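The values are calculated or read from the model by the stated rules, or taken from the named source; none is laboratory data. Computed from a predicted model, the values in this text were never measured in an experiment. Quick reminder, even Gly has a Cβ in these numbers, built from the backbone with ideal geometry, and neighbours come from all protein chains shown.
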Amino acid sequence: MKVLTLVLLALVLIVGTACQKSSPTYSSADEIPVTESLEMSADMTDGSQAPVEIERMLIKTGQIEFETEDRTITRNRILELTKKNKGYVSYENDRKSTSRLTTNLSIRIPTAVFDSFLAEATKGVDHFDRKQIDIKDITEEFLDIEARLKTKKELEARYLELLQKATKVTEILEIEREIGTLRADIESIEGRMKYLQNQSSFSTIDFEFYKIISEHNRFGNKLSRGFKNGWDNLIWVFIYLINIWPFVLIFVAIIIFWRRRRQNKNGNK
């Protein structure tokens, strides 16, 4: 009998110890730190996922200005190319001054066809008054806000779990306040992400093309363009001289030395 009792007690102790090791318990759900839970889930995610190559996100913008013989033909060609490449017109304006008729078009075009579209739209243009292309890389910014969004959504889900388990009014109000703040942050981040996605998927090209009204104005335009080109060339010559200033200095020193030597010879005679 004593042996049977000892055997039963030993079995009870073994079973109890095994249950304690296999199923840890918590006194309350509130005692589980939210930050630790999020860090654990993040660590597990980082450890299980393989590195993924991210495609660069670029925002391209272009500003093009040139003279045209026929504004209507130029406008129709740009609009046809826009429709062909699945773009759209975001702004259009016509204006008249004493010297020219001008049309402004702002085109939103898929970034993938930016270069080919621009080449076709400006085909045949001999001279650009302005041609400026800007490219901005937003990949790092997008990945940063994407990671922030993921963290805030995980934190919001955790607060929702705590809200279901909360029993006190003060706890419920505090958790709801935190959820409201997180929801506002999430919506703001999502709005920023949508904006960046739109800006990177569609590029903007601002066209300004004009026609000179009279030959007199055309001559004045060419004259002003000639002065501008002359000024630009003068600046480039000045920059070139700065780059070779040691040689200029040596050349000037040789001339001065030669003239003094010549003067000395004439004086000796």
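Could you tell me whether any residue of the stretch 119-138 is over 29 Å from Leu58 (Cα atoms), surrounded by 14 or more Cβ atoms within 10 Å (Cβ to Cβ), more than 15 Å from the chain's Cα centre (by Cα) and of a type in the set (D, E, K, R)?
no
In the stretch 86-117, which residues are closer than 16 Å to Asp206 by Cα and not in a strand (DSSP E or B)?
Passing the criteria: Gly87, Thr111, Val113, Phe114, Asp115, Ser116, Phe117.
Residue by residue through the stretch 228-269, note down the ones that are of a type outside the set (A, V, I, L, M, F, W, C), under 30 Å from His127 (Cβ atoms) and at pLDDT 75 or above.
Asn229, Gly230, Asp232, Asn233, Tyr240, Asn243
Criterion first (at pLDDT 90 or above, in a strand (DSSP E or B) and surrounded by 14 or more Cβ atoms within 10 Å (Cβ to Cβ)) does Thr82 satisfy it?
Spelling it out, it is not the case that Thr82 is at pLDDT 90 or above, in a strand (DSSP E or B) and surrounded by 14 or more Cβ atoms within 10 Å (Cβ to Cβ).
In the stretch 100-118, is there at least one residue being loosely packed, with under 15 Cβ neighbours inside 10 Å, more than 22 Å from the chain's Cα centre (by Cα) and at pLDDT below 95?
No; the residues of the stretch 100-118 include none that is loosely packed, with under 15 Cβ neighbours inside 10 Å, more than 22 Å from the chain's Cα centre (by Cα) and at pLDDT below 95.
The conditions are (1) surrounded by 11 or more Cβ atoms within 10 Å (Cβ to Cβ); (2) touching a residue at least 24 places away in the same chain (Cβ under 8 Å); (3) within 28 Å of the chain's Cα centre (by Cα), and Arg56 fails exactly one of them. Which is it?
Here Arg56 clears every test but (1).
Mind listing whichever residues of the stretch 176-205 are under 30 Å from Leu118 (Cβ atoms), part of a helix (DSSP H, G or I) and either touching a residue at least 12 places away in the same chain (Cβ under 8 Å) or under 12 Å from the mean Cα position of the chain (by Cα) (or both)?
Arg192, Met193, Tyr195, Leu196, Gln197, Asn198, Gln199, Ser200, Ser201
For the stretch 125-169, name all the residues that are polar (S, T, N, Q) and either modelled with pLDDT of 90 or more or closer than 30 Å to Arg71 by Cα (or both).
If the condition is that a residue be polar (S, T, N, Q) and either modelled with pLDDT of 90 or more or closer than 30 Å to Arg71 by Cα (or both), then Gln132, Thr151 are the ones that fit.
Could you please find all residues in the stretch 89-99 being free of Cβ contacts under 8 Å to residues at least 40 places away in the same chain and surrounded by 13 or more Cβ atoms within 10 Å (Cβ to Cβ)?
Val89, Glu92
Answer yes or no: is there a residue in the stretch 156-168 that is in contact with a helix residue (DSSP H, G or I) (Cβ under 6 Å, 6 or more places away or on another chain) and under 30 Å from Glu55 (Cα atoms).
yes
Does Glu208 count as outside any helix (DSSP H, G or I), of a type in the set (Asp, Glu), modelled with pLDDT of 90 or more and surrounded by 13 or more Cβ atoms within 10 Å (Cβ to Cβ)?
yes
Can you find even one residue in the stretch 61-72 that is without any contact (Cβ under 8 Å) to a residue 24 or more places away in the chain, farther than 16 Å from Asp129 by Cα and surrounded by fewer than 12 Cβ atoms within 10 Å (Cβ to Cβ)?
Yes, the stretch 61-72 contains a residue that is without any contact (Cβ under 8 Å) to a residue 24 or more places away in the chain, farther than 16 Å from Asp129 by Cα and surrounded by fewer than 12 Cβ atoms within 10 Å (Cβ to Cβ).
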